[in-house]
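Derivation of every value follows stated rules applied to the coordinates shown; laboratory data play no part. Computed from a predicted model, the values in this text were never measured in an experiment. All Cβ positions, glycine included, derive from the backbone under ideal geometry; neighbour counts span all protein chains shown.
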Amino acid sequence: MTATVTARINSRMRLRSDLPAPEQRRSIREAVGISQQELADIVGVSRQAVTAWEAGDRYPRKAQLARYVEALTALKAAAA
């Protein structure tokens, strides 16, 4: 495996570990008072995707994962 592939895998694994549990995702969003649609617009996905992520039915993939983790981290900091 090349160093680039290894770095991408490690990066994705880190992002997955930074993703809060499904029940915490909704709490973080609601603590700031934004809707699923507003979060979806920030991340660049559909409201249905956010609904599925918060329910734990699906997980964000690739670039969506990075944007979602970044958005949740910012929301959590804003709620503190």
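I need the shape label for segment 21-80. Rule: rounded when a/c is under 1.5, else prolate if a/b > b/c, else oblate, with a, b, c from the alpha carbon gyration tensor. Working shown, then result.
Numbers: a/c = 1.44, a/b = 1.33, b/c = 1.08.
Rounded, because the longest to shortest axis ratio a/c is under 1.5.
Would you please give the FRET efficiency between ALA66 and THR4, computed as 1/(1 + (r/R0)^6) with r the Cβ-Cβ distance and R0 = 22 Å, to the nearest 0.05? Walk me through the numbers before you get to the answer.
Details: r = 17 Å, r/R0 = 0.76.
For ALA66 and THR4, the calculated efficiency is 0.85.
Based on the Cβ-Cβ distance of SER17 and GLN37, what FRET efficiency does E = 1/(1 + (r/R0)^6) give at R0 = 35 Å, to the nearest 0.05? Intermediate values should be presented prior to the final figure.
Values: r = 27 Å, r/R0 = 0.78.
After rounding to 0.05, the efficiency reads 0.80.
Calculate, in nm to one decimal, what ALA78 and SER27 gain on full extension: separation in residues at 0.36 nm each, minus their alpha carbon distance.
Details: separation 51, 0.36 × 51 = 18.36 nm, distance 1.29 nm.
Contour length minus the Cα-Cα distance gives 17.1 nm.
Using the Karplus equation 6.51 cos²θ - 1.76 cosθ + 1.60 (θ = phi - 60°), what ³J(HN,Hα) coupling, rounded to whole Hz, does each residue of segment 51-64 give in order, writing x for Gly and Pro?
4, 5, 5, 5, 7, x, 6, 9, 10, x, 10, 6, 5, 5
Enumerate the calculated ³J(HN,Hα) couplings along segment 38-48 in order (Karplus 6.51 cos²θ - 1.76 cosθ + 1.60, θ = phi - 60°), each rounded to whole Hz, writing x wherever the residue is Gly or Pro.
Here the 3J(HN,Hα) series is 5, 5, 4, 4, 5, 7, x, 10, 7, 4, 4 Hz.
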